[in-house]
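Data block below; observations after.
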Amino acid sequence: MIVYSCHGAAKEVTGSCHLVRCGARSVLVDCGLFQGGRERERANAEPFEFDPAGIDALLLTHAHLDHCGRIPRLVREGFRGRIHATAATRDLARVVLLDAAGLQEEEARRAARSGRDGAAPLYTLDDALHSFDFFAEPVGYGVPVAVAEGIRATFRDAGHILGSASILLELEDGGTSLRVVFSGDLGSPGRPILRDPQPAPQAEYVAMETTYGNRTHRSLPDSVDELYRAVEQTLGRGGNVVIPTFAMERAQEVLYYLHRGLREGRVPAGAQVFLDSPMAISATEIFRRHPECFDEAFRATLARDDPFGMPNLRFTRETADSMAINRIEGGAIILAGSGMCDGGRVRHHLRHNLWREKSSIVFVGYAASGTLARRIIDGAKTVRLFDDDVRVRAQLWTINGFSAHADQAGLLDWLGDAPRREVLLVHGDYEVGMRAMAECLRQRGVPCRMPGKGEPILLK
Ligand SMILES: [Zn+2]
Ligand SMILES: [Zn+2]
């Protein structure tokens, strides 16, 4: 008997966690954090709907927090299997989980001081470090790995972030066999740095993300032009450009394009560029160490030049250096996290620039409902930052062509038209990307469903 159940990213974007039981064996694909405000984050402390000690292996598609963020808890609650991931994913996950643990410890201290609930952190730095003892030898792309008796996994390029993968499971139980593919998060083809996603292989079942199941992105060249226009206009009138960025991939891609723009004269030569995110700085260093993930064009670029090393680019790791940026009134391009503006140093830069008509805020990534980025994009007149009400007067740009997620056409291309027994739709806002994708597949005669959280689905 082979049974699937979804324990995170069921009719929502975050918390990815998929369980496959094959006879007596169980594997998890991802064990991510629920995100999107305090209310949703409470779900992270709820008991797992399965016994962590009964899981034989965990397969990690990529290092985003909504895919790896509950791993230390899983280990603390008894998981003793092996964690399989690519080398780049393992390196990035270390940065991501240590950072998350630090933030959780800090949040717990704050809660304890004010007498609020939640005085125990979800997990500690020690828990996060300990979980790295369970990582197996890194997995190479395209190499099948036996992860439990009767279960083989093959990691394939997903083109989403460095090290990201879709995972094909080949399952065997008592004479029956079945193939199930998990898309992980999928990128769009034709991007710089990473290889394109590999189309879904032959498999009876496909679990597919639907983040942008309803959208068509602007083309990448148009988006790059728009970025250059935003920079040129803003610096031209004496303002700053604030770019809330995700630390991995988006930050490096934007740096790559700024570097190219400078070389081509499309970004003003006097621009000062700041990467003001300790995590993005660490991620950039990890990028340099994993050329095995790059496409050929980017390897050729690297041989000529260092795209992450413009002369006027400064990495600001220290808080004092970050605070010094607040005194700059114009001419700066500031990349800072978090991408959805719910935490991190970008909130300081928003406080200093959001109310200034000369400045611009350039959104280049996904903004989930309930986040500060979403409220700003949706037209809030004022927002609360620290203890201030800050007016929104800066020029706003939303450039969705940089998204790390494939759009509707990209998802359909990836799925292809091979016959499937069923497509399981996950990792999308139910009312937005997921329902639109379900509609789209039904029109094409592809059987699909949107699994509920914890609902067991008999695959074979
Ligand atoms: Zn992701
Ligand atoms: Zn995700």
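When you go through LEU396, LEU441 one by one, which is the residue that is more than 20 Å from HIS62 (Cβ to Cβ) and either within 16 Å of ligand 2 (Cβ to nearest atom) or not assigned by TED's automatic domain parsing to the domain that holds GLY163 (or both)?
Criteria check complete, one pass: LEU396.
Would you be able to say whether some residue in segment 169-182 is touching a Pro at 6+ places or on another chain (Cβ under 7 Å) and within 15 Å of ligand 2 (Cβ to nearest atom)?
No, every residue in segment 169-182 fails to be touching a Pro at 6+ places or on another chain (Cβ under 7 Å) and within 15 Å of ligand 2 (Cβ to nearest atom).
Among what's in segment 227-251 and is in contact (Cβ under 8 Å) with a residue 60 or more places away in the chain and in a helix (DSSP H, G or I), pick the residue that is farthest from THR316 (Cα to Cα).
GLN233
Okay, residues lined up against (1) surrounded by fewer than 23 Cβ atoms within 10 Å (Cβ to Cβ); (2) under 17 Å from VAL206 (Cα atoms); (3) more than 16 Å from ligand 1 (Cβ to nearest atom):
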{"site": "VAL139", "(1), (2), (3)": "no, no, yes"}
{"site": "LEU162", "(1), (2), (3)": "no, no, no"}
{"site": "SER166", "(1), (2), (3)": "no, yes, no"}
{"site": "ASP173", "(1), (2), (3)": "yes, no, yes"}
{"site": "SER177", "(1), (2), (3)": "yes, yes, yes"}
{"site": "ILE193", "(1), (2), (3)": "yes, no, no"}
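For segment 293-309, check the following and say yes or no: at least one residue is closer than 30 Å to GLU106 by Cα and not aromatic (Phe, Trp, Tyr).
no
Going by the structure shown, is ARG375 within 21 Å of the chain's Cα centre (by Cα) and either more than 16 Å from ASN214 (Cβ to Cβ) or not assigned by TED's automatic domain parsing to the domain that holds SER183 (or both)?
Values: within 21 Å of the chain's Cα centre (by Cα): yes; either more than 16 Å from ASN214 (Cβ to Cβ) or not assigned by TED's automatic domain parsing to the domain that holds SER183 (or both): yes.
Criteria met by ARG375.
Between residues in segment 193-210 that are farther than 16 Å from PRO451 by Cα and residues that are of a type in the set (Ser, Thr, Tyr) and assigned to a loop (DSSP other than H, G, I, E, B), which pairs lie under 9 Å by C-beta distance while being six or more apart or on different chains?
Partner pairs satisfying both residue conditions: LEU194/SER164; ARG195/TYR141; ASP196/SER188; PRO197/SER164; PRO197/SER183; PRO197/SER188; GLN198/TYR141; ALA200/SER183.
Can we say LEU313 is closer than 20 Å to ALA324 by Cβ and touching a Phe, Trp or Tyr at 6+ places or on another chain (Cβ under 6 Å)?
Numbers: closer than 20 Å to ALA324 by Cβ: yes; touching a Phe, Trp or Tyr at 6+ places or on another chain (Cβ under 6 Å): no.
The answer is no for LEU313.
Within segment 62-87, take every residue that is within 15 Å of HIS7 (Cβ to Cβ), assigned to a loop (DSSP other than H, G, I, E, B) and within 16 Å of ligand 1 (Cβ to nearest atom) and give me the one that is nearest to the chain's Cα centre (by Cα).
Checked segment 62-87; the qualifying residue nearest to the chain's Cα centre (by Cα) is GLY69.
From the list ALA53, ALA88, which residue is closer than 24 Å to THR154 by Cβ and small (Gly, Ala, Ser)?
Unique residue meeting the criteria: ALA88.
Return the residues of segment 27-50 that are within 18 Å of GLU455 (Cβ to Cβ) and surrounded by fewer than 21 Cβ atoms within 10 Å (Cβ to Cβ); say none if nothing qualifies.
ALA43, GLU46, PRO47, PHE48, GLU49, PHE50
Would you please list the contacts, defined by Cβ atoms under 9 Å and residues six or more apart or on different chains, that run from a residue in segment 442-456 that is among the β-branched types (Val, Ile, Thr) to a residue that is outside any loop (DSSP other than H, G, I, E, B)?
Pairs found: VAL446/LEU415; VAL446/GLU422; VAL446/VAL423; VAL446/CYS440.
Going through segment 34-57 one residue at a time, which ones are touching a residue at least 12 places away in the same chain (Cβ under 8 Å) and within 16 Å of ligand 2 (Cβ to nearest atom)?
Result: PHE34, GLN35, GLY36, ARG40, ALA43, ASN44.
What number of residues within segment 265-317 satisfy the criterion of being under 20 Å from PRO192 (Cα atoms), under 26 Å from the mean Cα position of the chain (by Cα) and part of a loop (DSSP other than H, G, I, E, B)?
Of the residues in segment 265-317, 8 are under 20 Å from PRO192 (Cα atoms), under 26 Å from the mean Cα position of the chain (by Cα) and part of a loop (DSSP other than H, G, I, E, B).
Kindly establish whether PHE79 is of a type in the set (Phe, Trp, Tyr), crowded, with 19+ Cβ neighbours inside 10 Å and free of Cβ contacts under 8 Å to residues at least 40 places away in the same chain. Full working, then the answer.
Working: of a type in the set (Phe, Trp, Tyr): yes; crowded, with 19+ Cβ neighbours inside 10 Å: yes; free of Cβ contacts under 8 Å to residues at least 40 places away in the same chain: no.
It is false that PHE79 is of a type in the set (Phe, Trp, Tyr), crowded, with 19+ Cβ neighbours inside 10 Å and free of Cβ contacts under 8 Å to residues at least 40 places away in the same chain.
Inspect segment 119-140 for any residue being among the hydroxyl-bearing types (Ser, Thr, Tyr), away from ligand 2 (no atom under 16 Å from the Cβ) and out of contact with any helix residue (DSSP H, G or I) (no Cβ under 8 Å at 6 or more places or on another chain) and give the result as yes or no.
So in segment 119-140, the residues among the hydroxyl-bearing types (Ser, Thr, Tyr) come out as 123-124, 131.
Adding the requirement that they be away from ligand 2 (no atom under 16 Å from the Cβ) leaves 123-124, 131.
Narrowing further to those that are out of contact with any helix residue (DSSP H, G or I) (no Cβ under 8 Å at 6 or more places or on another chain): none.
No: segment 119-140 contains no residue that is among the hydroxyl-bearing types (Ser, Thr, Tyr), away from ligand 2 (no atom under 16 Å from the Cβ) and out of contact with any helix residue (DSSP H, G or I) (no Cβ under 8 Å at 6 or more places or on another chain).
So how many residues does segment 199-221 have that are surrounded by fewer than 18 Cβ atoms within 10 Å (Cβ to Cβ) and at pLDDT 95 or above?
4
Determine whether segment 41-53 contains at least one residue that is within 16 Å of ligand 1 (Cβ to nearest atom), part of a helix (DSSP H, G or I) and not aromatic (Phe, Trp, Tyr).
no
When you scan segment 60-70, do you find a residue that is in the same structural domain as VAL181 (by TED's automatic domain parsing), farther than 24 Å from LEU92 by Cα and within 16 Å of ligand 2 (Cβ to nearest atom), even just one? Working first, answer last.
Taking segment 60-70 first, the residues in the same structural domain as VAL181 (by TED's automatic domain parsing) are 60-70.
The next check asks that each one be farther than 24 Å from LEU92 by Cα; those that pass are none.
The answer is no, given that none of the residues of segment 60-70 is in the same structural domain as VAL181 (by TED's automatic domain parsing), farther than 24 Å from LEU92 by Cα and within 16 Å of ligand 2 (Cβ to nearest atom).
Go through segment 376-460 and tell me which strands (runs of 3 or more DSSP E), entirely inside it, have 2 or more residues that are of a type in the set (D, E, K, R) and at pLDDT 95 or above.
The qualifying strands (runs of 3 or more DSSP E) are 388-391.
Does ARG90 satisfy being buried (at least 18 other Cβ atoms within 10 Å of the Cβ), of a type in the set (D, E, K, R) and over 14 Å from the mean Cα position of the chain (by Cα)? Working first, answer last.
Values: buried (at least 18 other Cβ atoms within 10 Å of the Cβ): yes; of a type in the set (D, E, K, R): yes; over 14 Å from the mean Cα position of the chain (by Cα): yes.
Judged against the criteria, ARG90 is a match.
For segment 201-226, how many residues meet the condition of being in a loop (DSSP other than H, G, I, E, B), more than 16 Å from ligand 2 (Cβ to nearest atom) and within 20 Å of the chain's Cα centre (by Cα)?
Here the count works out to 4.
The values are calculated or read from the model by the stated rules, or taken from the named source; none is laboratory data. All of these numbers come straight from a predicted model, not from anything done at the bench. Because the Cβ atoms are built from the backbone with ideal geometry, glycine has one as well, and the counts that use them run over all protein chains shown.
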